[in-house]
Every structure is written in C-alpha cells, then in structure tokens.
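Asker: This is the structure, below, for whatever I ask next.
Please treat every number below as a calculation from the coordinates, not as lab data. Note that the structure is predicted; figures quoted are calculated from it, not measured. Quick reminder, even Gly has a Cβ in these numbers, built from the backbone with ideal geometry, and neighbours come from all protein chains shown.
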Amino acid sequence: MLQGFAGYKAGMTHVIMIDDVPTSLTYGTEIAVPVTVIETPPMRVEGIRLYKVTVYGLKCLTEVLFRKAGEEGVRRIEDLLDGGDYELRLIMATQPHLVTGVPKKRPEIMEMRLGGSLEEALDYARNVFGKEVRVRDVFSEGEFVDVTAVTKGKGTQGPVKRWGVKIQNAKAYRSSKGRHVGTLGPWTPARTSWRVPMMGQTGYHQRTEYNKRILKIGENGEEVTPKGGFLHYGIVRNEYILLKGSVPGPVKRLIRLSPAIRAHPELGAPQIVYISTESKQGC
C-alpha cells in the first residue's frame, strides 16, 4: 500500500550471485555484481494528509498530526469524505538518530503516496498512524525500484567537464587547446540560448534513476559492513537494502525509493552466494 521508503547511503561493495536473467549469456552461473548498501531504519508515520482531486489538480483539504490529534485525527478525516474523488498520503519522518554514520538528529519529513482504493488507503493509514513502518513492509527482495537522490556536488565547472565539450587542437582559432564551444549562437536572435554548453553549477541536482533491483533486504548489518566500517560512514547497525549498481550522491545522503514506473522483468528473489566484507579503506 505504501508507495515509497527512505534510507541513507552507506557505501558500495560486491556480491557473488547466480545470474537469473533468462536472456543473459551467463544464465545459471555465478557472477560478480556491484551493489550499493542503503541503511534503512524504520520510518515513523507522523500524520495523514487528505487531497481532493479537482480540475486544477490536487487540492489539500486538511492534515492531521499524531502528536496533536492522536487517534481522533483519523475520524476527523473520515468526516470530510462525502463521496467525491480524494487521495490520501502519509506524512513520514526518518529516524537518523538510529544511524551511527549520519551526524544529524533532525529527521527528514516527506510525503508518501498510498496505493489502492480510498477505503483501502484509509484502513492502512488507520493501522499505521503514529507507528513505525519497516522497509520489509513496503518492498521485497527481487523487486525493481526507482531511486531519487541529490547527486554529488562539484561546484562551478567549465563546459568540458560539465557538458563534455571537445578541447580544440593547437591549430584552432584563438589560443591553443581552447576550452570553449565553437560558437555561442547566431547573430539573430542576439542572445545566448540556454541550450549552449557553458560553465555553471555541476552536480548537486536531484536526479532519479529507474529500475534498480533490490538484491537483498537484511536485518543484521554485520553481514555487509566491511572490516573497519564503510569509508566516511562507519558501521551499519539497522536494516539495510542491497541495490544492484550505483545510486546518486555521496555516502550519508538521503536516498528515496519508490516502486518502478517503467517496464521491467519479473525475476523474483535472487540467490546470493557471497557478500564481500573486505576492507574498502584502500579503494
């Protein structure tokens, strides 16, 4: 029912698993796969927000917080339902104080969508209102998810690093090996288009990567923590997720997970043979 979860990026390692993609050339054999470890402590449901679907989009009618309204808050939302077209969403908070690798105590507050019919969403919200939700209650092993995070910030960079502009050779016009585009545009219109590759802020943008497969959901962080802990993070002490491949952002960054919206295969839970816990300090 819940359409998302959040965690913190701990680092990367690799696993040995049985290739279960039928169209793969290595199907049925052991392969090495890079994985990202995301620590996912339980999230608290702090409130419920009610939207009404209008011709102008969603309009927020009301929201109730558990610390103010308690159990009466759900009844207050039920009284507003009059048979129209509504949508329920949960206001959820992370618990970074449970994570040793993240030096913060203030939680991130975010809105999570509820799937299903309005009646099913209301029943689910009533059951979890003011309680904790674990990652196993939302996702399962082998499932594909979309990952949203803020990428690594690189500050102001030139067009070569920012856009991959080719460096001109020594015989080019102007200075040798000029690090600029050939032209900024035509005479008319007499302005520079935003499409022209130029210097500017690089990185530190919110990005979404699609179809990331969950290889494992575990509860014992010692299974994936390298010797000496993850570099710049430390030891994983809560529940965790192993995602195939990389995700945006550096370690300690908030990672938001949501069900995949693009077409993807249905592969089921993978068979993991080995998880590397060798020290990554020298990498």
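Asker: Can you find, among F129, A93, S24, the residue farthest towards the positive end of the dipole of segment 1-141? Put +1 on the C-beta of Lys and Arg, -1 on that of Asp and Glu.
Answerer: Comparing the listed Cα positions along the dipole, A93 ranks first.
Asker: Would you mind checking which residues have amide H under 5 Å from G249's amide H? H placed 1.01 Å from N; only 5 or more apart, or other chain.
Answerer: Under 5 Å from the amide H of G249: K152.
Asker: Using unit Cβ charges (K, R positive; D, E negative) and no other charged atoms, how large, in debye to the nearest 20, is the dipole of segment 199-283 about its Cα centre?
Answerer: Value, rounded to 20: 320 debye.
Asker: OK, next. If the elastic network links every pair of Cα atoms under 10 Å, which of N220, N238, N211 fluctuates the most in the Gaussian network model of the chain?
Answerer: Greatest mean-square fluctuation among the candidates belongs to N220.
Asker: (1) 23.6, 77; (2) 28.1, 92; (3) 21.6, 73: which one is Rg and Dmax of the Cα atoms in Å as calculated from this entry?
Answerer: (1)
Asker: Also, I was wondering about something else. Just want the answer: with Cβ charges of +1 for Lys and Arg and -1 for Asp and Glu, which residue in V224, P259, Y204 is farthest toward the dipole's positive end in the chain?
Answerer: Y204
Asker: Additional query: Which value, in debye to the nearest 20, gives the size of the charge dipole of segment 1-145 about its Cα centre, when Lys and Arg are +1 and Asp and Glu are -1 at the Cβ?
Answerer: Using only the charged Cβ atoms, the result is roughly 820 debye.
Asker: What does the charge count near E71 come to, summing +1 for each Lys or Arg and -1 for each Asp or Glu among other residues with Cβ under 13 Å from its Cβ?
Answerer: Every neighbour counted, the sum reads +4.
Asker: Within a Cβ distance under 11 Å of G155, other residues only, what is the Lys/Arg minus Asp/Glu net charge?
Answerer: +4
Asker: Give me E46, E111 ranked fewest to most by other Cβ atoms within 10 Å of their Cβ, as a rough exposure proxy.
Answerer: Lowest count first: E111, E46.
Asker: Could you pull out every residue, at least 5 positions away or on a different chain, whose amide H is within less than 5 Å of the one on F139? Hs are placed 1.01 Å off N in the peptide plane, and Pro or chain starts have none.
Answerer: none
Asker: Rank the residues K161, K105, K252 as a footprinting-exposure proxy: fewest other Cβ atoms within 10 Å of their Cβ go first.
Answerer: Going from least to most buried by this count: K105, K161, K252.
Asker: Then there's this: What net charge do the residues around E239 carry, taking every other residue with its C-beta under 14 Å from that of E239, with Lys and Arg at +1 and Asp and Glu at -1?
Answerer: Net of charged neighbours comes to -3.
Asker: 222 nm [θ] for the chain, helices only, -39500 (n - 2.57) per DSSP H run of 4+, per residue, to 500?
Answerer: Computed ellipticity for the chain at 222 nm equals -2500 deg cm²/dmol.
Asker: Mean-square fluctuation check for the chain, GNM, Cα pairs under 10 Å: which of R253, R262, R113 is largest?
Answerer: With Cα springs under 10 Å in the chain, the top fluctuation among R253, R262, R113 is at R262.
Asker: Pairs of alpha-carbon atoms within less than 8 angstrom and 6+ residues apart define the contacts here; what relative contact order does the chain have, in percent?
Answerer: Answer for the chain is 28 percent.
Asker: Another one. Taking +1 at the Cβ of each Lys and Arg and -1 at the Cβ of each Asp and Glu, which of M43, L114, Y56 sits farthest along the dipole of segment 43-133 towards its positive end, judged by Cα position relative to the Cα centre?
Answerer: M43
Asker: Another question about this same structure. Any idea what the relative contact order of segment 43-133 is, in percent, if you count C-alpha pairs under 8 Å spaced at least 6 apart?
Answerer: 37 percent
Asker: Oh, and also: Apply the Karplus parameterisation 6.51 cos²θ - 1.76 cosθ + 1.60, with θ equal to phi minus 60°, to every residue of segment 236-241 and state each ³J(HN,Hα) to the nearest whole Hz, in sequence, with x for glycine and proline.
Answerer: Coupling constants for segment 236-241: 7, 10, 10, 4, 9, 10 Hz.
Asker: Where nothing but the Cβ of Lys and Arg (+1) and of Asp and Glu (-1) is charged, how large is the charge dipole of the chain around its Cα centre, in debye to the nearest 20?
Answerer: 2380 debye
Asker: Which of rounded, prolate or oblate describes segment 23-100 when judged by the alpha-carbon gyration tensor and an a/c cut-off of 1.5?
Answerer: oblate
Asker: Say each of I109 and D85 gets a label point 7 Å from the Cα, pointing the same way as Cα to Cβ; how far apart are those two points in nm?
Answerer: 2.9 nm
Asker: Which whole-Hz couplings ³J(HN,Hα) result when phi for each residue of segment 86-91 is put into the Karplus expression 6.51 cos²θ - 1.76 cosθ + 1.60, θ = phi - 60°, listed in order with x for Gly and Pro?
Answerer: Working through the residues one at a time gives 10, 9, 9, 9, 9, 9 Hz.
Asker: Give the order of Y51, Y8, Y56, Y274 when sorted by the count of other beta carbons within 10 angstrom, beginning with the fewest.
Answerer: The most exposed by this proxy come first: Y56, Y274, Y51, Y8.
Asker: Here's another thing I want to ask about it. Roughly speaking, what is the stretch gain from T277 to Q3, that is 0.36 nm per residue apart minus the C-alpha to C-alpha distance, in nm to one decimal?
Answerer: Fully extending the segment from T277 to Q3 adds 95.5 nm.
Asker: Assuming R0 = 22 Å, what is the FRET efficiency of I31 and T100, from their Cβ-Cβ distance, to the nearest 0.05?
Answerer: So, using R0 = 22 Å, E works out to roughly 0.10.
Asker: Would you pull out the residues with amide H under 5 Å of R237's amide H, same chain only if 5 or more places away, H placed 1.01 Å from N?
Answerer: Result for R237 returns T100.
Asker: Picking from T54, T13, T23, which is most flexible by a Gaussian network model of the chain using Cα springs under 10 Å?
Answerer: T23
Asker: Per-residue HN-Hα couplings for segment 189-202, Karplus 6.51 cos²θ - 1.76 cosθ + 1.60 at θ = phi - 60°, whole Hz, x for Gly and Pro?
Answerer: These are the phi-based 3J(HN,Hα) values: x, 7, 7, 8, 6, 5, 7, 6, x, 9, 5, x, 4, 10 Hz.
Asker: Would you mind checking the pairs K9/K216; K252/K280; K152/K227 and listing those with alpha carbons more than 18 angstrom apart?
Answerer: Checking Cα-Cα distances, K152/K227 exceed 18 Å.
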